[in-house]
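K.L.:
Once you've had a glance at the structure underneath, I'll fire off some questions.
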Protein chains: 2
Amino acid sequence: MESGDHVQELRGRTPRVTAAMVAARAGVSTATVSLVANGKTRGRVSEDNISRVQEAIAELGYVVDSIGSSLAKGISSIVILVAPDISNPFFAKVIAGVRGSLGADYQLLLSVTDAGEFPRVDDVRRLLALRPAGLLVDAPSAAFLDELSVAGPLVLLDAPGLESFAPSVNLDVGHGARLLARHLADSGHKRAAYVDSVTGTATFEIRRAAFLAESAALGVTVAPDHVIGTTIDVGAAASAFAAVWPAWQRDGVTAVVCATDTHAYGVLQEARVAGVRIPQELAVAGFDDLPYSATSSPGLTSVHLPGDALGAKAGEQLRRLMEGKGLEESQLILQSSLIVRGSTEPAGT
Amino acid sequence: MESGDHVQELRGRTPRVTAAMVAARAGVSTATVSLVANGKTRGRVSEDNISRVQEAIAELGYVVDSIGSSLAKGISSIVILVAPDISNPFFAKVIAGVRGSLGADYQLLLSVTDAGEFPRVDDVRRLLALRPAGLLVDAPSAAFLDELSVAGPLVLLDAPGLESFAPSVNLDVGHGARLLARHLADSGHKRAAYVDSVTGTATFEIRRAAFLAESAALGVTVAPDHVIGTTIDVGAAASAFAAVWPAWQRDGVTAVVCATDTHAYGVLQEARVAGVRIPQELAVAGFDDLPYSATSSPGLTSVHLPGDALGAKAGEQLRRLMEGKGLEESQLILQSSLIVRGSTEPAGT
DNA sequence: CTGAAAGCGCTTACAG
DNA sequence: CTGAAAGCGCTTACAG
């Protein structure tokens, strides 16, 4: 058992260094060690002892044990990020943003569930048993927030309509949806279709509602028959589109808007198979502006959502809460924009 | 301060339920509560007490406090996954795999660093202060493993050449690289180029070395001038390719292999801008087989790497270690395969 | 400025 | 089968 041996060997190598060991070495009490290790020395520890302890800490490689510390303080330094869809590439940007603004004082714990699933009450209880310093919840449902009775700092991300539950940071997806409708109207489209996401998060309701409303206002018809929904999956979107395209084409649909770029990739893929020329025969657009949308051929017109800023702002807000500072604004809204590419605009236009 | 009020209100709502409260309600000692809560009742707690305690637990909504439990046991239920590049879409699959095989008994904590960065010693120490039940390290460098003297269960993912440090699960990227070389040779290419990743992880060394060796063996020339490297970024790859393409074209290069699909997207993008016909003038291929590779136009030929299986196997191995079971095999290698698409093969071939 | 002591919530020998 | 007690490592009033 090679591995076992190795682990065994490693196990002996690092005896835990405790505050008591540091105290003994520095000739002080563990209380003083704790004060120094936490930087709470102001007017409480002599310069002399500060340096003795710091030396001992360095020599021994002492690190405050999170477990002991958390138990004593009643709280850990863990921040839990709960999200329904970690495999969504958009989410990687959100995470990066959170991490950047949270800094090194907190440890970011991702609560990972199966794609599109939210953790159940049990899971959440188990998470809360870690005594997190704060909680970040991305794209929750009202039902989830209802049963999540959290006792500490909590910030919601991408939770439009749920502002009453907690401070939140949202994206103005409606604005982007309207820009998109206007763009299609300006390009002369009269009949459009919509491929929705069936995950049922609020952001998708808003994307669709805003697009449909603005389209109607601008004279672009989106018939009820021309709205379908699939999971956030290239293949699912592709086959759903394949099934309806003949009818849509017959009905004179010349533009398809997708709730996410991922859906749009499926439509593009199927359109290619079916020999539909993009954008001449069919304009295609999505939401999220994933990195690949700039690279696909044609490039995909998309509503750009600032995922990194979303994460960063949410992290900032949470941090203020965890540090006991108030929030200057408890509701933040970030701007979306429209990136027009070849999938809706003929080259050379 | 709306948010502050809200948090305040929430704070009062959930007084922590402790084992002592459960014990009082059930009329037993906290020792018995602990035994029942942990399912260690076999021959140690009477049926009668078991049900009283279970009732009390249910009524009070008691959940064992992780912090207290961890301190008493000397270990937490956290599993830390350390990885240098969480924003890589390939990684989402790995995470999903890990989560699936780890199950609900362990909490998966992602150590998130900036793209391409590995945590520094300090960060790692802070992570270990959480007393994780186990550690998963993805694509580490030898230097990192050297300073990481871990005292518990540890499994390496995608760490070829580092098998001596710990049990590991690897991908046979070399095999895929050779299949790719053979495919290009069979398609009649005589001169190829290689766009490498500069992150310096072992897997990239192997991808390149295996491809170059097999190409040479099959009579496909890859001149030193025709090997470049960039970060894993579509834009970086695109501009690097733009800079060298005129010379490569002059030299008769008809195929470009990229260390990742992300690099390849950049090449495809730039090729489109430059009016290079794919695959007639230039064949392009990558590694990873990201979801978008099936969707791009043309589809991207890619070496498929089973990211979910990689995560799942690593999770399984770690789990065995954490449960004190030995490993049947401490080194696991997963198969890669070649997915041929339009970027290397003319439609209708 | 300093240290002895209590306490955070749990688990685990131990004695009965 | 059961419970009193010690102890995990730390932090924080508290007394000096």
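K.L.:
Return the residues of the range A:317-328 that are within 9 Å of chain B (Cβ to nearest Cβ) and in contact (Cβ under 8 Å) with a residue 40 or more places away in the chain; say none if nothing qualifies.
P.N.:
A:Gln317, A:Leu321, A:Leu327
K.L.:
For the range A:327-349, name all the residues that are over 30 Å from A:His183 (Cβ atoms) and either touching a Ser or Thr at 6+ places or on another chain (Cβ under 7 Å) or open to solvent by less than 30 Å² (accessible area, probe 1.4 Å) (or both).
P.N.:
Once the filter is applied, which keeps residues that are over 30 Å from A:His183 (Cβ atoms) and either touching a Ser or Thr at 6+ places or on another chain (Cβ under 7 Å) or open to solvent by less than 30 Å² (accessible area, probe 1.4 Å) (or both), the range A:327-349 yields A:Leu327, A:Ser330.
K.L.:
I'd like the residue in the range A:128-157 that is more than 7 Å from chain B (Cβ to nearest Cβ) and open to solvent by 20 Å² or more (accessible area, probe 1.4 Å) and, out of all such residues, is modelled with the lowest pLDDT.
P.N.:
A:Glu147
K.L.:
Now, a different point. Does B:Asp122 qualify as being open to solvent by 40 Å² or more (accessible area, probe 1.4 Å), facing chain A (nearest Cβ under 10 Å) and part of a loop (DSSP other than H, G, I, E, B)?
P.N.:
Answer is no for this residue.
K.L.:
Ok, one more. Can you tell me which residue is nearest to B:Val195 (Cα to Cα) among those in the range B:246-288 that are among the acidic types (Asp, Glu) and open to solvent by 10 Å² or more (accessible area, probe 1.4 Å)?
P.N.:
B:Glu270
K.L.:
Could I ask something else about it? Every residue in the range B:296-317 that is surrounded by fewer than 24 Cβ atoms within 10 Å (Cβ to Cβ) and part of a loop (DSSP other than H, G, I, E, B), please.
P.N.:
Listed by number, the residues that qualify are B:Ser297, B:Pro298, B:Gly299, B:Pro306.
K.L.:
Quick check on my filter: what residues within the range A:210-235 are modelled with pLDDT of 95 or more and either assigned to a loop (DSSP other than H, G, I, E, B) or touching an Asp or Glu at 6+ places or on another chain (Cβ under 6 Å) (or both)?
P.N.:
A:Leu218, A:Gly219, A:Val220, A:Val222, A:Ala223, A:Gly229
K.L.:
Please list, ordered by first then second residue, the pairs with beta carbon atoms under 7 Å, 6 or more apart or interchain, first in the range A:33-54 and of a type outside the set (A, V, I, L, M), second surrounded by 19 or more Cβ atoms within 10 Å (Cβ to Cβ).
P.N.:
Cβ pairs passing all conditions: A:Ser34/A:Ala19; A:Thr41/A:Leu35; A:Arg44/A:Leu35; A:Asn49/A:Val28; A:Asn49/A:Thr32; A:Arg52/A:Ala26; A:Arg52/A:Val28; A:Gln54/A:Val36.
K.L.:
If you go through the range B:261-282 one residue at a time, do you hit one that is more than 22 Å from the chain's Cα centre (by Cα) and closer than 25 Å to B:Pro160 by Cα?
P.N.:
So far as the range B:261-282 goes, no, none of its residues is more than 22 Å from the chain's Cα centre (by Cα) and closer than 25 Å to B:Pro160 by Cα.
K.L.:
Give the range B:35-53 a look and list any residue that's within 8 Å of DNA strand D (Cβ to nearest atom) and either farther than 21 Å from A:Asp122 by Cβ or not β-branched (Val, Ile, Thr) (or both), or say none.
P.N.:
B:Leu35, B:Arg42, B:Gly43, B:Arg44, B:Val45, B:Ser46, B:Glu47, B:Asp48, B:Asn49
K.L.:
Condition first: within 14 Å of another protein chain (Cβ to nearest Cβ) and surrounded by fewer than 20 Cβ atoms within 10 Å (Cβ to Cβ). Can you find one or more residues in the range B:216-225 that meet it?
P.N.:
no
K.L.:
Turning to a different aspect of this structure: Just checking, does the range A:166-186 include any residue being surrounded by fewer than 20 Cβ atoms within 10 Å (Cβ to Cβ) and part of a strand (DSSP E or B)?
P.N.:
Scanning the range A:166-186 turns up no residue that is surrounded by fewer than 20 Cβ atoms within 10 Å (Cβ to Cβ) and part of a strand (DSSP E or B).
K.L.:
Okay, next question. Pull up the range A:24-39, narrow it to residues that are open to solvent by less than 40 Å² (accessible area, probe 1.4 Å) and over 43 Å from the mean Cα position of the chain (by Cα), then point me to the one that is farthest from DNA strand C (Cβ to nearest atom).
P.N.:
A:Ala26
K.L.:
Right, here's the next one. Can you tell me which residue in the range A:59-74 is farthest from DNA strand D (Cβ to nearest atom), limited to those that are within 9 Å of another protein chain (Cβ to nearest Cβ) and in a loop (DSSP other than H, G, I, E, B)?
P.N.:
A:Gly61
K.L.:
Sticking with this one: Scan A:Ala192, A:Ala202 and give me the residue that is modelled with pLDDT of 85 or more, more than 8 Å from every other protein chain (Cβ to nearest Cβ), open to solvent by 10 Å² or more (accessible area, probe 1.4 Å) and in contact with a Leu (Cβ under 8 Å, 6 or more places away or on another chain). Explain how you work it out, then say what you get.
P.N.:
On the way: A:Ala192 fails: open to solvent by 10 Å² or more (accessible area, probe 1.4 Å).
That would be A:Ala202, the only listed residue that is modelled with pLDDT of 85 or more, more than 8 Å from every other protein chain (Cβ to nearest Cβ), open to solvent by 10 Å² or more (accessible area, probe 1.4 Å) and in contact with a Leu (Cβ under 8 Å, 6 or more places away or on another chain).
K.L.:
Also: Take the range A:160-198 and flag every residue that is of a type in the set (A, V, I, L, M, F, W, C) and under 23 Å from A:Ile228 (Cα atoms).
P.N.:
A:Val173, A:Ala177, A:Leu179, A:Leu180, A:Ala181, A:Leu184, A:Ala185, A:Ala192, A:Ala193, A:Val195, A:Val198
K.L.:
Determine which single condition A:Leu108 fails, assuming it passes every other condition in (1) more than 8 Å from chain B (Cβ to nearest Cβ); (2) touching a Leu at 6+ places or on another chain (Cβ under 9 Å); (3) surrounded by fewer than 20 Cβ atoms within 10 Å (Cβ to Cβ); (4) not hydroxyl-bearing (Ser, Thr, Tyr).
P.N.:
Among (1) more than 8 Å from chain B (Cβ to nearest Cβ); (2) touching a Leu at 6+ places or on another chain (Cβ under 9 Å); (3) surrounded by fewer than 20 Cβ atoms within 10 Å (Cβ to Cβ); (4) not hydroxyl-bearing (Ser, Thr, Tyr), A:Leu108 violates only (1).
K.L.:
A follow-up question, please. From (1) in a helix (DSSP H, G or I); (2) within 11 Å of chain B (Cβ to nearest Cβ), pick out the condition that doesn't hold for A:Ile86.
P.N.:
(1)
K.L.:
Okay, next question. Counting only residues that are touching a helix residue (DSSP H, G or I) at 6+ places or on another chain (Cβ under 6 Å) and near DNA strand C (Cβ under 8 Å from one of its atoms), how many does the range B:45-67 have?
P.N.:
Residues flagged as touching a helix residue (DSSP H, G or I) at 6+ places or on another chain (Cβ under 6 Å) and near DNA strand C (Cβ under 8 Å from one of its atoms) within the range B:45-67 amount to 4.
K.L.:
So, one more: Residues in the range B:301-316: is at least one at pLDDT 95 or above and at the interface with chain A (Cβ under 10 Å from one of its Cβ atoms)?
P.N.:
For the range B:301-316, residues at pLDDT 95 or above and at the interface with chain A (Cβ under 10 Å from one of its Cβ atoms): absent.
K.L.:
For B:Ala56, all conditions in the list (1) over 21 Å from A:Asp122 (Cα atoms); (2) more than 10 Å from DNA strand D (Cβ to nearest atom); (3) in a helix (DSSP H, G or I); (4) open to solvent by less than 50 Å² (accessible area, probe 1.4 Å) hold save one; what is the number of the exception?
P.N.:
(1)
K.L.:
Looking only at the range A:116-124, decide whether some residue is within 16 Å of DNA strand C (Cβ to nearest atom) and free of Cβ contacts under 8 Å to residues at least 40 places away in the same chain.
P.N.:
yes
The values are calculated or read from the model by the stated rules, or taken from the named source; none is laboratory data. Source: prediction; values computed, not measured. So basically every Cβ, Gly included, is an ideal-geometry build from the backbone, and we count neighbours across all protein chains shown. Just so you know, the surface numbers come from the protein's heavy atoms only, side chains and all, with ligands and any DNA or RNA stripped out. Shrake-Rupley method; radii C 1.70, N 1.55, O 1.52, S 1.80 Å.
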